[in-house]
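The structure under discussion appears below in the form of structure tokens.
Please treat every number below as a calculation from the coordinates, not as lab data. These numbers were taken from a predicted model, which means no experiment stands behind them. When we count neighbours, we look across all protein chains shown, and the Cβ atoms used for this are built from the backbone with ideal geometry, even at glycine.
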Amino acid sequence: MAWTNLSSIRQLQKSLNNSVVRPQLYFKHSTRCGISKMALKEFEKSGVLTHSTADFFLLDLLNYREISNEISAISRVEHQSPQVVVIHHNEVIYSESHGTIDGEKIVNILENL
């Protein structure tokens, strides 16, 4: 499974509508931040992206901060970077940032839905 780049509010709204069918995962990534690059690399190594029951979106914070702000407003999860937010049935089922992002935990959550 590959990332889908999240690049518009309209795309975000469509994704959020799809959350009633399948979980939507948003990885907020700062492309100029070493910590964010390391967290993304570790996340990708966890194997979570092979989970076929969720949609995975990568958000470039430097170019699309307004989308991050919208995710924060809708989810009521304060913006962080790097950050993962997973929404299912329009509810946040997972959110962590920095070193506490845990791909294996997300896999367990997805498998138990």
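Modelled label positions at residue 32 and residue 45, each set 7 Å beyond Cα in the direction of Cβ, lie 2.7 nm from each other. The label point for residue 66 and the one for residue 100, both projected 7 Å from the Cα toward the Cβ, are 3.1 nm apart. A cut-off of 5 Å between modelled amide H atoms, ignoring neighbours fewer than 5 places along the same chain, links residue 57 with 4, 25, 26, 27. Sorted from greatest to least, the principal axis extents spanned by the alpha carbons of the range 1-86 come out as 33, 28, 20 Å.
Taking a Cβ cut-off of under 12 Å around residue 21, the surrounding Lys, Arg, Asp and Glu residues balance to a net charge of +1, with basic ones at +1 and acidic ones at -1.
Per DSSP H run of at least 4 residues, take -39500 (n - 2.57); add these up for the chain, divide by its residues and hand me the 222 nm value, nearest 500 deg cm²/dmol. When only DSSP H runs of four or more count, the value is -11000 deg cm²/dmol. Taken along its three principal axes, the alpha carbon spread of the range 5-45 comes to 33, 21, 10 Å, from the longest extent down to the shortest. Take every DSSP beta bridge whose two residues both sit in the chain, then give the antiparallel share in percent to the nearest 5. Antiparallel bridges make up about 60 percent of those DSSP assigns within the chain.
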